[in-house]
1. Give the residues of the stretch 205-251 that are buried (at least 17 other Cβ atoms within 10 Å of the Cβ), hydrophobic (A, V, I, L, M, F, W, C) and within 30 Å of LEU169 (Cβ to Cβ), sorted by residue number.
2. Which residue pairs have Cβ atoms closer than 7 Å, lie 6 or more positions apart in sequence or on different chains, and pair a first residue in the stretch 110-125 that is in the same structural domain as PHE199 (by TED's automatic domain parsing) with a second residue that is among the β-branched types (Val, Ile, Thr) and within 12 Å of the ligand (Cβ to nearest atom)?
3. Being touching a Lys or Arg at 6+ places or on another chain (Cβ under 6 Å) and away from the ligand (no atom under 16 Å from the Cβ) is the requirement here; does GLY246 meet it?
4. What's the total number of residues in the stretch 152-196 that are within 16 Å of the ligand (Cβ to nearest atom) and among the hydroxyl-bearing types (Ser, Thr, Tyr)?
5. Restricting to the stretch 98-120, name every residue that is more than 15 Å from the ligand (Cβ to nearest atom), outside any loop (DSSP other than H, G, I, E, B) and not charged (D, E, K, R).
6. For the stretch 299-321, which positions are among the hydroxyl-bearing types (Ser, Thr, Tyr), away from the ligand (no atom under 16 Å from the Cβ) and crowded, with 18+ Cβ neighbours inside 10 Å?
7. Being away from the ligand (no atom under 16 Å from the Cβ), of a type outside the set (D, E, K, R) and assigned to a strand (DSSP E or B) is the filter here; which residues of the stretch 252-284 pass it?
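The values are calculated or read from the model by the stated rules, or taken from the named source; none is laboratory data. In this text the structure is predicted, and so the values were computed from the model without any measurement. Here the Cβ positions follow ideal geometry from the backbone for every residue, glycine too, while neighbour counts run over all protein chains shown.
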Amino acid sequence: MRNLSSYPSVFFFEKLETIPLALKRFMWHIRNRMNIFNQMPRNHSLLQRWQKISFRLVLAGLLVMGPALSADDLKPEHKALIDAALPKEAPAEPGKPRRILVTNLAMRDGMPWQGSSHAIIPVHNYAFDQMGKQTGAYEAVFSNDVEMFRPDTLRQFDAVCFLNSVGVLWEDEELKQSLLEFVASGKGLIGIHDAIATFVQYPVYDQWPAFGQMLGGTENGGHPWNGEPMMIQVEDKDSPITAAFGGKSFQIADQAFQLQEPVFRDKLRILLSIDVANTVSPSRVLPVRQDDMDFPIGWIRSYGQGRVFYNGFGHNAHVFWDPALLEFTLAGIQYALGDLEADDTPRQ
Ligand SMILES: [Zn+2]
């Protein structure tokens, strides 16, 4: 597997040659970025200040001690499960060799951290990588280096995938423009699970509203279901992307997000949603969602000349060795790449 990851370099602590760099970056964060004692509003109480300082120190600890996880860290039993579940062939013939830039970058308070999906990085990166290799649908290039999103680098790719990325990955305006223009110019955007919590950091959920608008929504208010079995209904039964489900509802235990937008169906072609009537009651439902109880979990949309595919499954490892979900994901990826035709006209 190709891995061009360099940022956060500190995650490669186990590689001796990176220790000086890791220390340098850590000290830089302590001095410039964290500003442990200075960046808090004046009205913070002493207790609030100490809470915040301890939180940052814990983050700093994770930053230095955290192992670099990649598909190479995959457990043999998980590899066997994924190998057995991978689609044998892609639903469409690629128009040309396709390359996808895949990032797992997780940020918090301007620093790399280990998001809640960190432990399954080896699982989903291996599944994503092998699904492209074995079907010939695409080549995945994994990187957590935000410099990869500059226009000159980005143009070597047919799509980008935010694979359980989380938090505010960058503030740089040129990078923001670069990503929006990349997709609008006719390329693809693929979001898996935590992608909906990307450029989101509590308590501000839409830190870069244009990203949420492009992806199709912004999560807010936590998870209405967090590991309970959910009944999933196939809304777009004729779409080639949902073919794996044969039009039938199915049950799956995973973590679901809720969107904060009052209206979203006017822009999205919803493929899958949670069948609330046949699922245990949700918790912490936003007021805006209590009104409609509408929880889509997979959709496509056009964006300028480009295409977006969002797949909300992917918090739990077993999602990545479920044959139907892998087939669904591959078809969505091929739609985003422009190789699989699918009707993306929004529907209520
Ligand atoms: Zn999650």
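1. Result: TRP208, PHE211, MET214, LEU215, TRP225, MET230, ILE232, ILE241.
2. Close Cβ pairs (under 7 Å, with a partner that is among the β-branched types (Val, Ile, Thr) and within 12 Å of the ligand (Cβ to nearest atom)) amount to GLY115/VAL166.
3. Values: touching a Lys or Arg at 6+ places or on another chain (Cβ under 6 Å): no; away from the ligand (no atom under 16 Å from the Cβ): yes.
No; evaluated as a whole, the condition is false for this residue.
4. 1
5. Of everything in the stretch 98-120, those that are more than 15 Å from the ligand (Cβ to nearest atom), outside any loop (DSSP other than H, G, I, E, B) and not charged (D, E, K, R) turn out to be ILE100, LEU101, VAL102, THR103, MET107, MET111, PRO112.
6. Start the filter on the stretch 299-321 by keeping residues that are among the hydroxyl-bearing types (Ser, Thr, Tyr), which leaves 302-303, 310.
Subset that is away from the ligand (no atom under 16 Å from the Cβ): 302-303.
TYR303 - this is the single residue of the stretch 299-321 that is among the hydroxyl-bearing types (Ser, Thr, Tyr), away from the ligand (no atom under 16 Å from the Cβ) and crowded, with 18+ Cβ neighbours inside 10 Å.
7. Filtering the stretch 252-284 down to residues away from the ligand (no atom under 16 Å from the Cβ) leaves 260-273, 275-281.
Checking which are of a type outside the set (D, E, K, R) leaves us with 260, 262-264, 268, 270-273, 276-281.
Within the stretch 252-284, ILE270, LEU271, LEU272, SER273 qualify.
Here's the yes/no breakdown for (1) without any contact (Cβ under 8 Å) to a residue 60 or more places away in the chain; (2) among the aromatic types (Phe, Trp, Tyr); (3) within 14 Å of GLY298 (Cβ to Cβ); (4) in contact with a helix residue (DSSP H, G or I) (Cβ under 9 Å, 6 or more places away or on another chain):
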position: ILE232; (1), (2), (3), (4): no, no, yes, yes
position: LYS237; (1), (2), (3), (4): yes, no, yes, yes
position: ILE241; (1), (2), (3), (4): no, no, yes, yes
position: ALA244; (1), (2), (3), (4): no, no, yes, yes
position: LYS248; (1), (2), (3), (4): yes, no, no, no
position: ASP254; (1), (2), (3), (4): no, no, yes, yes
position: ARG265; (1), (2), (3), (4): no, no, yes, no
